């Protein structure tokens, strides 16, 4: 009788072993989610791992691991995170890993809080799960498509100095609105004095009155600004300088938002993993405008799409400059700086050149 009982147990174990080895991962579903797609430096977000057994058989052993960026910092007290289900998540050699087992139709969700301190674009590519048989004699791996990405914004520079720079710039723009007429509304015509630019001459009125007449404009346009980030340059310290440029750009845009000044944004930086084809943000205000620029700055690399001089010339030709120009660049002297200075002189625009040297003085 005992022999029969043992035989039944052996046959039952063999059946379970065969089925578990055959079906160990067929009914398994695995996914990885991120609680945030865009974060501040050091801001906590959560990696959410979900394992689901859709089958009728128990999954007695599962091992999972996810490659993570080097910069990822777990927000836990130790190198292990204990979940409510009694499983562990181990952080080892740039991998999140752990083990689990699932009953039929059971799900398991593990939350891993973490943070990224450095600005940039980060990806999580794959999730691999290996399943073992009932007796633990074999293990089969299976990869799941778990591509997820996250953007870390640049840190903001000190606001006090930025406020002073913009305060002076906005003051200049306001004064120039009264000194230099804004060609938007034509109030009438007056005689040419020799001081007006040629483009202000009305040739129709001049022909009618048989003397040179110029248009009399009204100053009706609100102050506007152009924020330009140039990454064109070379040298061993270029990455460090550009990181400070991105910080400057964020702070400038943040201050313009606070002052309710319409502004546009342009850069020649190549971005990684970008869903946006253009590097130009037309004039605007508000959360959507600002957050789009922050995402661009987070994805920006140290590679220039074209030279800074070409970027300035393109903006000058299409007339997209605002009344005030904030040109952020790695060095104070360059062909791009010369080009934007020439444009500001010719157009009468207010100009500020912001470089990392200024920021290091803060």
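The values are calculated or read from the model by the stated rules, or taken from the named source; none is laboratory data. Here the structure is a predicted model, which means the values were calculated and not measured. We place every Cβ from the backbone using ideal geometry, glycine too, and count neighbours over all the protein chains shown.
Looking at segment 167-180, can you tell me whether even one residue there is surrounded by 15 or more Cβ atoms within 10 Å (Cβ to Cβ), outside the structural domain of residue 124 (by TED's automatic domain parsing), closer than 30 Å to residue 301 by Cα and at pLDDT below 65? Within segment 167-180 (the criterion being surrounded by 15 or more Cβ atoms within 10 Å (Cβ to Cβ), outside the structural domain of residue 124 (by TED's automatic domain parsing), closer than 30 Å to residue 301 by Cα and at pLDDT below 65), the answer is yes, since at least one residue qualifies.
Count of segment 21-55 residues, restricted to those that are farther than 18 Å from residue 119 by Cα and in contact with a helix residue (DSSP H, G or I) (Cβ under 9 Å, 6 or more places away or on another chain), is 1. Run residue 254 past the list (1) touching a residue at least 40 places away in the same chain (Cβ under 8 Å); (2) within 20 Å of the chain's Cα centre (by Cα); (3) buried (at least 18 other Cβ atoms within 10 Å of the Cβ) and report the number of the one that doesn't hold. If we test residue 254 against (1) touching a residue at least 40 places away in the same chain (Cβ under 8 Å); (2) within 20 Å of the chain's Cα centre (by Cα); (3) buried (at least 18 other Cβ atoms within 10 Å of the Cβ), just (3) comes out false. Going residue by residue through segment 268-282, is there one that turns out to be farther than 15 Å from residue 321 by Cα, touching a residue at least 60 places away in the same chain (Cβ under 8 Å) and assigned to a loop (DSSP other than H, G, I, E, B)? So far as segment 268-282 goes, yes, one or more of its residues are farther than 15 Å from residue 321 by Cα, touching a residue at least 60 places away in the same chain (Cβ under 8 Å) and assigned to a loop (DSSP other than H, G, I, E, B).
Test residue 298 against the stated conditions and say whether it is surrounded by 14 or more Cβ atoms within 10 Å (Cβ to Cβ), touching a residue at least 24 places away in the same chain (Cβ under 8 Å) and in the same structural domain as residue 230 (by TED's automatic domain parsing).
yes
Counting the residues of segment 41-100 that are within 23 Å of residue 153 (Cβ to Cβ), at pLDDT 80 or above and not in a strand (DSSP E or B) gives 8. In a loop (DSSP other than H, G, I, E, B), under 26 Å from residue 271 (Cα atoms) and modelled with pLDDT of 80 or more - does that describe any residue in segment 118-132? Checked against the condition, which is being in a loop (DSSP other than H, G, I, E, B), under 26 Å from residue 271 (Cα atoms) and modelled with pLDDT of 80 or more, segment 118-132 yields at least one hit. Return a yes/no flag: does segment 223-236 have any residue that is at pLDDT 65 or above and farther than 30 Å from residue 268 by Cα. No, segment 223-236 contains no residue that is at pLDDT 65 or above and farther than 30 Å from residue 268 by Cα.
For segment 301-313, taking the residues that are in contact with a helix residue (DSSP H, G or I) (Cβ under 8 Å, 6 or more places away or on another chain) and more than 20 Å from residue 250 (Cβ to Cβ), the one that is surrounded by the most Cβ atoms within 10 Å (Cβ to Cβ) is identified as 312. The residues of segment 314-353 that are in contact with a helix residue (DSSP H, G or I) (Cβ under 9 Å, 6 or more places away or on another chain), assigned to a helix (DSSP H, G or I) and crowded, with 16+ Cβ neighbours inside 10 Å, listed by number, are 315, 316, 336, 337, 339, 340, 343.
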